[in-house]
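S.K.: Below is a structure I'd like to ask you about.
The values are calculated or read from the model by the stated rules, or taken from the named source; none is laboratory data. Everything numeric here is computed off the predicted structure, so don't read it as measured data. Cβ coordinates were reconstructed from backbone atoms using ideal geometry, including for glycine residues, and neighbour counts include every protein chain displayed. To get the accessible areas, we keep the full protein, side chains included, count just its heavy atoms, and leave off ligands, DNA and RNA. Shrake-Rupley method; radii C 1.70, N 1.55, O 1.52, S 1.80 Å.
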Amino acid sequence: MSRRLPQLEQHACAEYLDGFKQIGLQVDRLPDLTAVSARLQPRTGWQSSPVSGFLPADAFFEMLAARMFPTTTWIRSREAMEYTPEPDIFHDVFGHVPMHAHPVFADFLEHYGKVCAGLTSQEDLERMGRLFWFTVEFGVIREQGKIKVYGSGLISSHGECTQVVEGKVEVRDFELDRVLDTVVDVSKMQPVLYAIESFEQIYEATKEAEGRLG
């Protein structure tokens, strides 16, 4: 956190920074998920629920639909500070949870979970996974003419975020069709990102996708 915050204070969106304050994260201690949820729930109804690792997709979507975010409780080793192949508590709480304090993002994420929980086609689930990837995980937003980060993969990764800050990533306007059709390679730093103009935009995009899929 000490390493990430100086960059994020300049390059994270205002909604993330507000959420960070709202949920009471502190630089010098691991988060107490009960205390985080106690701050979060009165604001948007979301809770951070501890899990030991990856959940099956259907369970993950059902939790999102219930405004419960599955939060892993292990933390990466010092040797894995730059990158860990699976989420840890730093990625989940520091990266994801502050955005759950924003009412529109909170509504979007719940609706996304409900949509995906009702899908049976693997192709549709894969396409909706790309929407999650380019918003929740690697989302950027235009704020007062500048590109700001809000996706957890950018928030929690110094390397990925620096790529954006230094202009080494192609930033395209968010278009639902292009996002759903963009194949993701999780083993590499992302070469292309999609910038939204507001969080209402991705909420509406999820509703539009819902009308096409399933």
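S.K.: For the chain, what is the relative contact order in percent, using Cα pairs closer than 8 Å and at least 6 residues apart in sequence?
M.R.: In percent, rounded to a whole number, it is 21.
S.K.: While we're here: Show me, for the stretch 20-37, the HN-Hα J-couplings you get by feeding each phi into the Karplus relation (A = 6.51, B = -1.76, C = 1.60, θ = phi - 60°), rounded to Hz, glycine and proline as x.
M.R.: 4, 5, 4, 8, x, 5, 10, 5, 9, 8, 5, x, 9, 5, 5, 5, 4, 5
S.K.: For A195, list long-range residues whose amide hydrogen, built 1.01 Å from N in the peptide plane, is under 5 Å from its own amide hydrogen.
M.R.: Amide H to amide H, under 5 Å and 5 or more residues apart or across chains, A195 pairs with R172, D173, F174.
S.K.: Separate question: Collect residues whose amide H, placed 1.01 Å from N in the peptide plane, falls under 5 Å from the amide H of W74; neighbours closer than 5 in sequence don't count.
M.R.: Result for W74 returns I89.
S.K.: Rolling a 1.4 Å sphere over the protein heavy atoms, what is the accessible area per residue of the stretch 141-188, to the nearest Å²?
M.R.: 51
S.K.: About its Cα centre, what dipole magnitude does the chain give when the only charges are +1 on Lys and Arg Cβ and -1 on Asp and Glu Cβ, stated in debye to the nearest 20?
M.R.: Around 580 debye, computed over the chain.
S.K.: Restricting to DSSP H runs of at least four residues, report the calculated mean residue ellipticity at 222 nm for the chain, -39500 (n - 2.57) per run over all residues, nearest 500 deg cm²/dmol.
M.R.: Rounded to the nearest 500, it is -13000 deg cm²/dmol.
S.K.: While we're here: If you count, for each residue, the other Cβ atoms within 10 Å and average over each peptide, how do 156-163, 170-177 line up from highest to lowest?
M.R.: 156-163, 170-177
S.K.: I would also like to ask the following. Within the chain, what is the number of lysine pairs with alpha carbons under 25 Å apart, leaving out pairs fewer than eight places apart on the same chain?
M.R.: 9
S.K.: Still on this structure, please answer the following. Any idea which of V184, G113, M1 is furthest toward the positive side of the dipole for the chain, if Lys and Arg beta-carbons carry +1 and Asp and Glu beta-carbons -1?
M.R.: Farthest towards the positive pole: M1.
S.K.: Now, a different point. Which three semi-axes in whole Å describe the equivalent ellipsoid of the stretch 89-214, each the square root of 5 times a Cα gyration tensor eigenvalue, listed largest first?
M.R.: Equivalent ellipsoid semi-axes, largest first: 22, 16, 15 Å.
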